[in-house]
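The values are calculated or read from the model by the stated rules, or taken from the named source; none is laboratory data. From a predicted model like this one, the values you see are computed outputs, not experimental measurements. Here Cβ is always computed from backbone atoms with ideal geometry, including for glycine, and neighbour counts include all displayed protein chains.
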Amino acid sequence: MPAYRNKQGPNKGKRFQGKGWRDPYGGSLYFQLKRDSFSRCHEVSPRQTMDGLIDDLIRDVQSDYPELYEGLEFAFFLRKHPLERSYERAFNVFDGGETVYVKIVDYEGTEYVKDYTPGGGRWQVKKRGMKPKVEDVVASHGIAEAYRLGLLQ
């Protein structure tokens with residue numbers, strides 16, 4: 001994990017919201033929060049702890065997964081390692097410009113995905129390397145969802 005950068009001014013990184021870039025007026029850093037098929041920028045303030053950051057991430061993604069089953073929870077991964085709650089500053093963990101991935105897991109760590117069967121919308125265990133059938137996606141969620149998933153060209 002990168003050490004905390006104690007640089008001054010806006011030129012800590014070359015690209016806006018890129019690696020090492022800090023907001024010159026508040027010192028915030030930014031990273032991408034990746035969901036199933038899209039990502040959004042997330043801002044981290046200089047004084048935020050990992051505990052507070054994980055609470056913010058959960059609030060941010062709850063609107064995208066409103067019907068989460070009991071026993072399932074969000075897990076966040078940075079560089080293939082889960083983010084853990086602590087009172088460590090988030091600036092000690094992040095360098096800015098990274099991507100944090102959201103996964104739905106149960107208490108054993110098994111990953112779940114949304115089922116695309118007709119009348120679906122259920123959560124099921126993720127099978128590696130398997131895409132949903134085009135007919136099932138179109139029947140349950142429409143043709144726009146099939147295009148969004150890349151099943152139709």
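Quick notes on this structure:
- Residues that are farther than 19 Å from residue 60 by Cβ and modelled with pLDDT under 90, drawn from region 82-95: 89, 92, 95
- Selection from region 139-153 of residues that are in a helix (DSSP H, G or I) and either of a type in the set (S, T, N, Q) or surrounded by 12 or more Cβ atoms within 10 Å (Cβ to Cβ) (or both): 139, 140, 141, 143, 145, 146, 147, 148
- Among the residues of region 23-64, those that are modelled with pLDDT under 90, of a type in the set (Gly, Ala, Ser) and within 22 Å of residue 92 (Cβ to Cβ) comprise 26, 27, 28, 45.
- In region 128-138, the qualifying residues are those that are of a type outside the set (A, V, I, L, M) and either under 19 Å from residue 152 (Cβ atoms) or modelled with pLDDT of 70 or more (or both), and the one that is surrounded by the most Cβ atoms within 10 Å (Cβ to Cβ) is 132.
- Of the strands (runs of 3 or more DSSP E) lying entirely inside region 31-124, those containing at least 1 residues that are touching a Ser or Thr at 6+ places or on another chain (Cβ under 8 Å) and under 30 Å from residue 135 (Cα atoms) are 39-44.
- Scanning region 96-116 for residues that are at pLDDT below 75 and over 16 Å from residue 69 (Cβ atoms) returns a single hit, 116.
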